[in-house]
Every structure is written in C-alpha cells, then in structure tokens.
Amino acid sequence: MPSSNRVSLLRVGLRLEYTTLGWNVVGIFILAWSALAARSVALAGFGLDSLIEIGASVVVIWELKGTNELRQRRALRFIGVAFALLATYLVVQGVIVIATNHRAGHSVVGIVWTAMTAVAMFTLAAGKSRTGRALDNRVLQAEGRVTLVDGILASAVLIGLVLNAGFGWWWADPSAGFVLVYYAGRECHDIFRHDQSS
C-alpha cells in the first residue's frame with residue numbers, strides 16, 4: 001500500500017477513535033445523571049461500560065500512533081480488570097435489586113441517549129472494521145468489534161428501559177444489566193487469555 005494511502009487511512013482510524021472517545025466522555029455524564037435520577041442499574045452499568053470503551057479507544061489511539069507493545073499490554077490488562085469490576089458490580093447490584101423488588105424510575109433522557117448511542121456505535125463499528133481491514137490492523141478491527149458489541153448493549157439497555165417505562169416491567173432494568181455481565185465477563189476472559197498466550 002502506498003505510504004500516502006496508509007497515512008490517510010491512519011487519519012481516518014484516529015478520527016473514528018476520537019469520535020468514539022468524545023461520544024463516551026459526554027455519555028458518562030448523561031448516563032450518570034440519568035442513572036441517579038431513575039435509580040437504574042442498567043443505565044449505571046452502561047455508564048461503566050462507556051468508561052471501559054474510553055479506555056479501549058485510548059489503547060487503539062496509542063497503537064495507531066506507534067506506541068510500544070509493552071504499554072499496550074499494560075493498558076489491556078487495566079481494561080481487563082475494569083471489565084471484571086464491572087461484571088462484579090452488575091451481578092451484586094442486579095441480585096439486590098431483584099431480591100428487594102426495587103423498581104427503577106423512568107428516564108426519557110436515558111432512553112433517548114441509549115437510542116442515539118446504538119446508532120452511533122453501529123456506524124462507528126462499521127467504519128473501524130472497514131478501515132482496520134484496509135490497514136490490515138488487527139487492533140483497530142478488534143476494537144471495532146468492541147464498539148459493535150457496545151451498540152448491541154445500548155440496544156439491550158434501551159429495550160429494558162422502554163419495557164420498564166411502557167409496561168411497568170421493573171425486572172427488565174436489572175435484566176438488561178445482566179446482559180452487560182455476560183459481555184464484561186467474556187471480554188475480561190479474552191483479554192487475560194490472550195495476555196497469557198502471548
């Protein structure tokens with residue numbers, strides 16, 4: 001590939017990552033406020049997931065800028081620990097919510113933001129996958145899959161919020177949180193398994 005094309009693709013990859021980073025930074029504040037206002041486990045968990053996505057984006061930005069492998073591995077370990085903490089929080093909180101019959105309130109802001117996030121993440125994931133393949137960059141492609149799952153998670157949380165608001169299905173909110181537990185646990189396992197094999 002001509003160097004000019006590679007430089008251009010690297011710029012596209014960086015723009016995609018900076019967009020993801022910016023979206024999730026804004027999202028943390030919106031989700032924190034919405035989660036507190038509605039006392040929603042799913043929104044709180046999705047806010048923590050956004051924090052982890054920020055870490056993943058930072059790792060890829062470092063990689064695209066040519067940082068060394070040791071720094072990348074340390075950052076990935078940090079993300080793995082963050083996923084483990086997220087899964088633990090969601091399991092404990094979800095069990096408490098169901099055991100105590102806690103009913104989360106409605107959050108119109110949370111519904112709108114998760115709907116917008118789903119669309120944004122699916123669009124960004126497609127761009128990262130396409131650019132990563134063109135660059136033959138496995139890190140960008142892998143983070144594109146993380147972004148795709150982020151869009152799926154946003155959709156799951158959105159469904160839980162809508163079912164709670166529309167039908168009073170209070171258990172849909174913590175159930176959406178359990179979807180995040182599966183994802184967080186799987187990502188943590190994959191990160192540390194890859195780290196041990198490398």
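Readers should treat all values here as calculations from the given coordinates under stated rules, not as data from a laboratory. All values reported here derive from a predicted model rather than from experimental measurement. Neighbour counts run over all protein chains shown; Cβ positions are idealised from the backbone, glycine included.
For the range 1-160, list log₁₀ I(q)/I(0) at each q in 0.08, 0.10, 0.11 Å⁻¹, using the Debye formula over Cα point scatterers of equal strength and ignoring solvent, two decimals each. The Debye formula, applied to the Cα set alone, gives -0.26, -0.39, -0.47.
The local environment of THR147, defined by Cβ-Cβ distances under 12 Å, has a net charge of -3 under the rule Lys, Arg +1 and Asp, Glu -1. Computed over the alpha carbons of the range 75-198, Rg followed by Dmax gives 16.4, 51 Å. Would you work out if the range 1-57 is rounded, prolate or oblate? Take a ≥ b ≥ c from the square roots of the eigenvalues of the alpha-carbon gyration tensor; rounded if a/c is under 1.5, else prolate when a/b is larger than b/c, oblate otherwise. Because a/c hits 1.5 or more and a/b exceeds b/c, the range 1-57 counts as prolate.
Computed from the C-beta positions of VAL109 and ARG6, the FRET efficiency with R₀ = 45 Å rounds to 0.60. Residues of the range 11-50 with an amide N closer than 12 Å to a point placed 7 Å from the Cα of ILE96 along the Cα-to-Cβ direction: 41. Taking amide H as placed 1.01 Å from N in the peptide plane, the amide H of ALA104 sits under 5 Å from none that are at least 5 places away or on another chain. Only Cα sites of the range 141-193 enter the Debye sum here, all with the same form factor; the resulting log10 I(q)/I(0) across q = 0.21, 0.25, 0.31 1/Å is -0.75, -0.91, -1.12, listed in q order.
Looking at the square roots a ≥ b ≥ c of the eigenvalues of the Cα gyration tensor of the range 110-164, which shape do they give, rounded for a/c under 1.5, prolate if a/b is larger than b/c, or oblate? It is prolate, given that a/c is not under 1.5 and a/b is the larger ratio. For the pair the range 109-157 / the range 31-46, the C-alpha centres are spaced 21 Å from each other.
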